[in-house]
Ligand code: SF4
Ligand code: SF4
């Protein structure tokens, strides 16, 4: 597909880049059945190919309509279309460029007051670790008094406590003191410390048993993914620049890897070199170094070492594995099959599921900004995961975990909690 940017966009780096990305698309339509929004609405404009046409139109006309923005907003950026595309179209990058161009166009397209409030509140609250933690604590206290739409977004601690003890370690986080010379640093994330501090603690206990001390990378701020997804590229870039400096200092200090227990953060940090592509050479090199040292947790838990530490688990746990889009479509070969192998070593039977590539509808802020589509996708995903009656659903991203947990009959856990519970049983 060919797009010639309008005169008003000829000097725009984002427009040039978008036109280049579009060129790979051959209109074949193989991506359509893979696209969750197309499958729900049946509209070509809610498909990857339809959105590519919309971005081409935006480039050629120099501005977008509210309709174009609506269909770009509805994209989950799950990147299932990239996995399905035989031409290698980097759709995830393209849709962000499209959103950036729409956000910057003069005069700006107006949004309703409610939409503006939701977007600014999400960015002000969910990307600030301390503020988010305070609000979650306060929200849990007053949860029964909140209106239903707001209550749905305040995590219910009883859902976590409802998971039988054998599926998870003690609820109070227990972080082993550093005792190994080999160290890794773990990203804290913005929302995870408030919603599920037990996940990083479980990762620390597992890695401790495998010969690594896990330290908290407290000085690494919000990774910037949320700002990036909502079109605040400048803010995201500021965070990326600051984080690569901190990350480089950690690596200089002897940390072997920067570990992410949330695949949504990990996929963005692994792409820091791309985010910094317009920066001076020194910044680009530092970004590339930090990105190359970043690992999803499943890449650093060695199944052979784990098997030696566990012995032969006697109990079988029936687990439905939900691979987040940011893991399967975002991190791809680096993580493919790794969690499944680890869970099997930990004595889990992976039950049959359907629609393994379908997004659960969480997608960062999507569940708040596009609730109808998001809830429809969650219902489909939970049906696909629970058909074989698992004891528990396991995932690898805090956003998916909270989103699924709100509507799931089965307990929903991070996979490392299951592994840590198994190891906690072994003296
Ligand atoms: S599968 Fe790829 S090449 Fe084919 S229409 Fe979709 S994006 Fe274009
Ligand atoms: S990223 Fe996901 S929702 Fe967006 S067009 Fe691709 S498959 Fe569809």
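The values are calculated or read from the model by the stated rules, or taken from the named source; none is laboratory data. These numbers come from a predicted model, not from an experiment. When we count neighbours, we look across all protein chains shown, and the Cβ atoms used for this are built from the backbone with ideal geometry, even at glycine.
Some values worked out for this structure:
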{"item": "All positions within region 47-72 that are under 21 Å from residue 107 (Cα atoms) and either within 10 Å of ligand 2 (Cβ to nearest atom) or in a loop (DSSP other than H, G, I, E, B) (or both)", "result": "62, 63, 64, 65, 71, 72"}
{"item": "Residue 381 being in contact with a helix residue (DSSP H, G or I) (Cβ under 8 Å, 6 or more places away or on another chain), within 16 Å of ligand 2 (Cβ to nearest atom) and in contact (Cβ under 8 Å) with a residue 12 or more places away in the chain", "result": "yes"}
{"item": "Residue that is more than 25 Å from residue 232 (Cα to Cα) and crowded, with 23+ Cβ neighbours inside 10 Å, where the choices are 339, 304, 300", "result": "339"}
{"item": "Hits in region 73-126 - residues which are more than 21 Å from residue 153 (Cβ to Cβ), more than 16 Å from ligand 2 (Cβ to nearest atom) and surrounded by fewer than 17 Cβ atoms within 10 Å (Cβ to Cβ)", "result": "103, 104, 105, 106, 107, 108, 109, 110"}
{"item": "Filter pass, residue 421 being assigned to a helix (DSSP H, G or I) and under 19 Å from residue 38 (Cα atoms)", "result": "no"}
{"item": "Total residues in region 4-42, condition in a loop (DSSP other than H, G, I, E, B), away from ligand 1 (no atom under 13 Å from the Cβ) and touching a residue at least 24 places away in the same chain (Cβ under 8 Å)", "result": "4"}
{"item": "Number of the condition not met by residue 75 [criteria: (1) assigned to a helix (DSSP H, G or I); (2) more than 10 Å from ligand 1 (Cβ to nearest atom)]", "result": "(1)"}
{"item": "Test: residue in region 346-353 that is on the phi > 0 side of the Ramachandran plot, modelled with pLDDT under 95 and surrounded by fewer than 24 Cβ atoms within 10 Å (Cβ to Cβ)", "result": "yes"}
{"item": "Any hit, region 275-283, residues being out of contact with any helix residue (DSSP H, G or I) (no Cβ under 6 Å at 6 or more places or on another chain), in a loop (DSSP other than H, G, I, E, B) and in the same structural domain as residue 410 (by TED's automatic domain parsing)", "result": "no"}
{"item": "Any hit, region 389-404, residues being surrounded by fewer than 16 Cβ atoms within 10 Å (Cβ to Cβ) and either in contact with a strand residue (DSSP E or B) (Cβ under 6 Å, 6 or more places away or on another chain) or touching a residue at least 40 places away in the same chain (Cβ under 8 Å) (or both)", "result": "yes"}
{"item": "Residue check, residue 376 within 20 Å of the chain's Cα centre (by Cα), surrounded by fewer than 21 Cβ atoms within 10 Å (Cβ to Cβ) and under 22 Å from residue 196 (Cβ atoms)", "result": "no"}
